[in-house]
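The block underneath contains the structure these notes are about, expressed in structure tokens.
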Amino acid sequence: MKHPFKKIVGIAATVAGLAIAGQSMAETKVGFVYVGPVGDHGWTYRHDIGRQAIEDKFGDQVKTTYVESVKEGPDAERVVRKMAASGHDLIFTTSFGFMNPTLKVAKKFPKVKFEHATGYKRVKNMSTFAGRFYEGRYVVGTAAGHMTKSNIIGYVASFPIPEVVRGINAVARSARAVNPDATVKVVWVNSWYDPGKEADAAKTLIDQGADIILQHTDSPAPLQVAEQRGVWGVGQASDMSSYAPNNQLTAIIDNWDQYYIERTQAVIDGNWKSGDTWGGIKSGMVEMAPWNDAVPADVVAAAEKVQKAIVDGSLHPFQGPVINQNGEQVIPAGEVLDDGALSGMNYYVQGVEGSLPK
Amino acid sequence: MSDSMTILLAASLTIIGAATPLLFAALGELITERSGVLNLGVEGMMLIGAVSAFAGALITGNTYIGVLCGAFAGMLMALLHGYLTLTLMTNQVATGLSITIFGVGLSALIGLEFVGVTVEPLSNLPVPLLSEIPFFGTLLFDHNLLVYLSVALVFGLSFFIFKTRGGLILRAVGDSPESSHALGYPVIKIRYMALMFGGLMAGLGGAYLSLIYTPMWSENMTAGRGWVALALVVFATWKPWRVLLGAYMFGGVTILQLHGQGFGLDIPSQFLSMLPYLATILVLVLISRDRLKLRENSPASLGRTFRPTA
């Protein structure tokens with residue numbers, strides 16, 4: 001320590017430099033509120049990949065933070081409010097149950113921009129976004145209809161909200177389009193994330209004859225049970241083949257990267273506007289994982305044909321006639337369920353067993 | 001075997017799977033509470049047990065070593081709880097809650113590397129000959145080591161608590177640490193041992209989850225089973241065989257409602273999920289009706305800090 005003074009001056013200069021740099025860059029803060037742990041390897045994991053994509057893209061220009069495993073309900077509002085109050089410019093809340101808490105906070109913080117996933121309430125500073133996962137499920141249903149031998153497709157479901165019901169219906173419709181005897185058996189676990197219970201539900205379905213397990217819950221547990229029991233499973237939200245190297249039929253992958261980058265860019269450029277984005281296979285928000293090698297080539301071809309038709313618009317998973325479980329026609333042939341009808345779907349279509357919990 | 005028998009058997013096997021982790025954690029908590037210590041850290045200890053068991057199995061490639069790692073890690077967490085509540089005499093409720101929150105975070109941190117990998121689950125050890133009896137053979141004699149162990153522990157612990165001198169001392173410490181201390185029993189030491197046994201059992205419950213139930217690690221995978229175990233001990237009025245009954249009932253209701261749904265039964269699943277807790281509240285009300293019943297059934301000094309005076 002020959003020149004302690006010099007060192008202090010040096011540090012002071014660096015600090016001042018940093019401060020100036022910080023000012024000129026006007027760092028944008030982007031926050032995320034997750035319903036599950038980032039390590040769920042499913043839904044929340046994919047959102048966090050999107051967050052990392054922002055970091056990769058913008059570097060020092062943007063700072064991202066997240067809070068994971070936030071319960072849907074009163075606690076969510078506290079978390080969102082805290083984030084809004086701590087200088088975040090853009091906040092993503094990524095579960096349906098965060099809708100009302102996000103809305104409440106959005107009204108109190110008009111300068112902060114909010115992005116809510118899978119909901120339907122919007123205000124000037126609150127957008128909604130979601131993936132058309134039912135498109136992916138329709139593709140999966142095609143393969144499932146071909147592959148099932150017992151004609152029972154098992155479905156581990158979380159909560160009876162339109163988003164989930166839509167997925168179940170999409171599978172039932174596409175499976176029956178290729179195999180009129182196929183039925184979908186649903187078990188609700190009333191949780192987005194409870195590996196044990198999800199596994200139990202999958203076991204139950206297999207015990208009751210299902211030979212393909214689909215899931216709309218976030219952990220890889222149902223898929224893992226499928227692997228153990230030697231039936232087909234389908235990965236949820238991300239490629240889960242590491243949990244079922246032999247028995248993952250495919251996976252429906254959520255890809256938020258592009259959307260998150262676009263919205264962050266809009267905030268930086270100052271042209272962010274509230275809106276509703278519903279991206280499907282075409283926009284890249286919904287991707288299909290590679291098909292399992294053991295799936296016969298003609299089945300893969302049939303599924304890929306359906307996928308292509310969805311992308312080019314010649315096929316809509318809910319094109320008429322749409323017939324509900326009671327045999328009543330919802331819309332006739334030649335019509336297509338519009339987005340409004342899709343986002344409020346509260347009935348099973350033909351081919352789904354059991355009754356929809358109220 | 002007819003179809004309905006096959007499904008009955010399958011459902012029963014799933015119930016055994018769902019009940020076993022609860023049984024381990026609850027039996028451990030029962031011993032801890034019998035010594036007068038309330039351990040609200042069960043959930044955290046289970047998680048640490050789960051992640052350590054998984055890590056152990058993954059690194060050594062031996063599932064049984066994984067089980068031991070889980071048990072040991074659960075015990076270490078209990079040791080921490082003991083150091084805080086028994087040596088430093090902190091409040092048991094607050095400490096237990098912090099242990100749980102700490103366990104959730106620490107297990108997630110340890111588990112960062114293990115997301116996306118699986119291990120070979122613990123294999124079944126069928127009892128020769130007996131396991132070949134149709135239906136009952138598979139139901140009773142074709143399980144993994146931990147299932148046998150959990151049931152054996154019910155009998156073992158029941159015997160220990162009510163038929164041995166050690167059990168008598170344990171109960172005495174839980175009912176009146178002052179008198180036990182005056183008689184010359186090392187109250188703090190006994191409580192340490194009871195607590196560590198509880199941690200070990202919670203660790204085993206966690207190991208069961210990450211090595212058998214769903215052979216993987218994922219954050220927060222216990223999903224509240226530690227709390228169910230705590231409720232179970234009250235439901236069982238601190239008696240091991242009733243813990244067995246309760247664990248199978250708690251597990252059974254979960255599985256039966258899933259099967260009910262599969263068959264299109266129209267009972268709200270939320271109602272069925274609520275039932276076990278309703279039963280716990282009912283038991284609490286019943287045993288709290290009068291002082292005598294409460295004294296008879298619960299460790300009198302439960303949750304109270306004991307300061308040994310010379």
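The values are calculated or read from the model by the stated rules, or taken from the named source; none is laboratory data. Quick caveat, the model's predicted, so the values are computed rather than measured. Cβ atoms come from the backbone with ideal geometry, glycine included; neighbour counts cover every protein chain shown.
Structure summary
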item	result
Leading residue by the ranking (surrounded by the most Cβ atoms within 10 Å (Cβ to Cβ)) among those in the stretch B:3-33 that are within 14 Å of chain A (Cβ to nearest Cβ), farther than 15 Å from A:Ala201 by Cα and of a type in the set (Ser, Thr, Tyr)	B:Thr20
Number of positions in the stretch B:269-294 that are in contact with a helix residue (DSSP H, G or I) (Cβ under 9 Å, 6 or more places away or on another chain) and either surrounded by fewer than 11 Cβ atoms within 10 Å (Cβ to Cβ) or more than 22 Å from B:Ala19 (Cα to Cα) (or both)	6
Residue match in the stretch A:180-196 (condition: more than 11 Å from every other protein chain (Cβ to nearest Cβ), touching a residue at least 24 places away in the same chain (Cβ under 8 Å), crowded, with 24+ Cβ neighbours inside 10 Å and β-branched (Val, Ile, Thr))	yes
Residue match in the stretch B:82-96 (condition: within 12 Å of chain A (Cβ to nearest Cβ), loosely packed, with under 14 Cβ neighbours inside 10 Å and free of Cβ contacts under 8 Å to residues at least 60 places away in the same chain)	no
Flag if A:Val352 is in contact (Cβ under 8 Å) with a residue 24 or more places away in the chain and over 14 Å from A:Val139 (Cβ atoms)	yes
Odd one out for A:Trp291 among (1) assigned to a loop (DSSP other than H, G, I, E, B); (2) surrounded by fewer than 16 Cβ atoms within 10 Å (Cβ to Cβ); (3) at pLDDT 95 or above	(2)
Residues (more than 21 Å from B:Arg242 (Cα to Cα), surrounded by 12 or more Cβ atoms within 10 Å (Cβ to Cβ) and small (Gly, Ala, Ser)) located in the stretch B:295-310	B:Ser301, B:Gly303
Subset of the stretch A:227-247 (residues that are within 25 Å of A:Ser95 (Cβ to Cβ) and at pLDDT 95 or above)	A:Gly233, A:Val234
Positions within the stretch A:214-230 being more than 7 Å from every other protein chain (Cβ to nearest Cβ) and within 16 Å of B:Thr214 (Cα to Cα), in sequence order	A:Gln215, A:Thr217, A:Asp218, A:Pro222, A:Leu223, A:Val225, A:Ala226, A:Glu227, A:Gln228, A:Arg229, A:Gly230
Whichever residue in the stretch B:289-299 is outside any helix (DSSP H, G or I) and more than 20 Å from B:Ala229 (Cα to Cα) and, among such residues, is modelled with the highest pLDDT	B:Arg289
Test: residue in the stretch A:116-133 that is modelled with pLDDT under 95, closer than 21 Å to A:Val189 by Cβ, assigned by TED's automatic domain parsing to the domain that holds A:Gly97 and in a loop (DSSP other than H, G, I, E, B)	yes
Residue within the stretch B:21-42 that is in contact with a strand residue (DSSP E or B) (Cβ under 7 Å, 6 or more places away or on another chain) and either in a helix (DSSP H, G or I) or modelled with pLDDT of 95 or more (or both) present	no
Hits in the stretch A:240-271 - residues which are part of a loop (DSSP other than H, G, I, E, B) and in contact with an Asp or Glu (Cβ under 9 Å, 6 or more places away or on another chain)	A:Tyr243, A:Ala244, A:Pro245, A:Asn246, A:Asn247, A:Asn255
Pick from the stretch A:336-354, criterion surrounded by 14 or more Cβ atoms within 10 Å (Cβ to Cβ) and part of a loop (DSSP other than H, G, I, E, B), ranking: nearest to the other protein chains (Cβ to nearest Cβ)	A:Gly354
Conditions (1) under 26 Å from A:Ala130 (Cα atoms); (2) surrounded by 15 or more Cβ atoms within 10 Å (Cβ to Cβ); (3) not assigned by TED's automatic domain parsing to the domain that holds A:Ser242; number of the one not met by A:Lys358	(2)
So A:Val156, is it touching an Asp or Glu at 6+ places or on another chain (Cβ under 6 Å), closer than 26 Å to B:Asn220 by Cα, assigned to a strand (DSSP E or B) and within 11 Å of chain B (Cβ to nearest Cβ)	yes
Within the stretch B:99-212, helices (runs of 4 or more DSSP H) holding 2 or more residues that are touching a residue at least 60 places away in the same chain (Cβ under 8 Å) and within 30 Å of B:Leu84 (Cβ to Cβ)	B:145-163, B:165-175, B:177-182, B:187-208
Hey, B:Leu245 of a type in the set (A, V, I, L, M, F, W, C), more than 30 Å from A:Ser242 (Cα to Cα), within 14 Å of chain A (Cβ to nearest Cβ) and free of Cβ contacts under 8 Å to residues at least 40 places away in the same chain or not	no
